[in-house]
Amino acid sequence: MEKKQTQKKIAVVNDLSGYGRCSLTVALPVISALGLQCCPLPTAILSNHTGYPDFFFDDYTDRMPEYIARWKSLGFEFDGILTGFLGSAAQIDIVERFIRDFRRPLSENSSLCAPEDKASRRTVVIIDPVMGDHGRVYSTLTPELCIRMKELAALADVLTPNITEACILTDTPYQAHFSRTELCRLLERLASVCSGRIVVTGADAGTFLYNIVWDPADGIPLFLRKKRVAAERSGTGDLFSSIVAANAVKGAPLADAVRAAADFVRLCLVETERLRTPAADGAAFEPLLKLLMRA
Ligand code: PXL
């Protein structure tokens, strides 16, 4: 019998932006540093992210089906699937199909497996519904893509919207600040879009930020509070979702995965200030990757 592979693999559906530290240029080093194999499925190729005054954007929609077909015919399998920035509304159908085709269910004789083996067989699907930040939608995203992101969110085992994305997914008018009661209501609305676990990131709490973890098994939101250390930057959402995804695929409890992600982003923001990295250039995570290797 063929020996079971022990190193976990995550397919990452996201864009490649050549400058500015986001999406695949974050996911590849971070997931690799955490010891998992990171397998990119590109959605678009950009010269740099859309936060700069100009960018080259090559939509990869037409190439994705052929790319995925080879993965399928070669019989590749993944322990996790993480999705992020999409290049077009048509990619919703392509990514939905990819998830349905590659999502490995619990094995048929799962009642015979040890619990840790059952957990390790299932493909964990993490959907980061990347659409915007601070109440603004990224410039390449069409209204159709924003509306249809709900369809993808419905497939998530773990959904990781920021506040802007949580508002779009629930047709809630954006506010820079929501009270705790309003955040609980936002989570209830998100739970009608996605039946999986939900992590709402970066909710304003004055000198603090909340990441809120919701598990439908108990329906009680867990508010994890972190002191703000510096202004938010592009790419921090990608750092966050990559760490949550890698830890969730390794089998960590979701609240621990979220704490690990929030701690690392916080350290990166402090380092980024120290290095005087320009705001558009994202978070300087490279000097700190060694911390993830020890984790
Ligand atoms: O980090 C989110 C993101 C991903 N991909 C592209 C972006 C952004 C944010 O600006 O422009 C291309």
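The values are calculated or read from the model by the stated rules, or taken from the named source; none is laboratory data. Owing to the predicted nature of the structure, the values given are computational and were not obtained by experimental measurement. Virtual Cβ from ideal backbone geometry, glycine too; neighbours counted across all protein chains shown. These area figures cover heavy atoms from the full protein model, side chains too; ligands, DNA and RNA do not enter into them. Shrake-Rupley method; radii C 1.70, N 1.55, O 1.52, S 1.80 Å.
Quick notes
- From most to least packed by mean Cβ count within 10 Å, the peptides 269-275, 125-131 give 125-131, 269-275.
- Taking the DSSP beta bridges with both ends in the chain, the antiparallel portion is around 45 percent.
- Taking the 1.4 Å solvent-accessible surface of the chain as the whole, the part contributed by carbon and sulfur is 54%.
- Of the DSSP H helices in the chain, those whose Cα atoms cover at least 24 Å axially and whose Kyte score averages -0.5 or more: 254-274
- The ratio of the alpha-carbon radius of gyration of the stretch 1-48 to the globular-protein estimate 2.2 N^0.38 Å is 1.36.
- Prolate/oblate/rounded label for the stretch 10-82 (Cα gyration tensor, a/c 1.5): oblate
- Charge context of Ile81, other residues only, Cβ under 13 angstrom, K/R +1, D/E -1: +1
- Listed peptides 223-234, 38-49, 282-293 by packing density, highest first (mean Cβ within 10 Å): 38-49, 282-293, 223-234
- The alpha carbons of the chain occupy a box of 56, 44, 40 Å along the principal axes, longest dimension given first.
- Ordering 138-145, 25-32, 238-245 by mean Cβ neighbour count within 10 Å, with the highest value first, yields 238-245, 25-32, 138-145.
- Only lysines eight or more places from Lys8 in sequence, or on another chain, were considered; those with a Cα closer than 27 Å are Lys72, Lys118, Lys250, Lys290.
- In the context of the full set of protein chains, the chain has a per residue accessible area of 47 Å² (1.4 Å probe).
- Anisotropy class of the stretch 49-112 from Cα gyration tensor, a/c 1.5 cut: prolate
- The stretch 22-82 and the stretch 134-163 have Cα centres lying 17 Å from one another.
- The chain, relative contact order in percent, only Cα pairs under 8 angstrom and at least six apart counted: 18 percent
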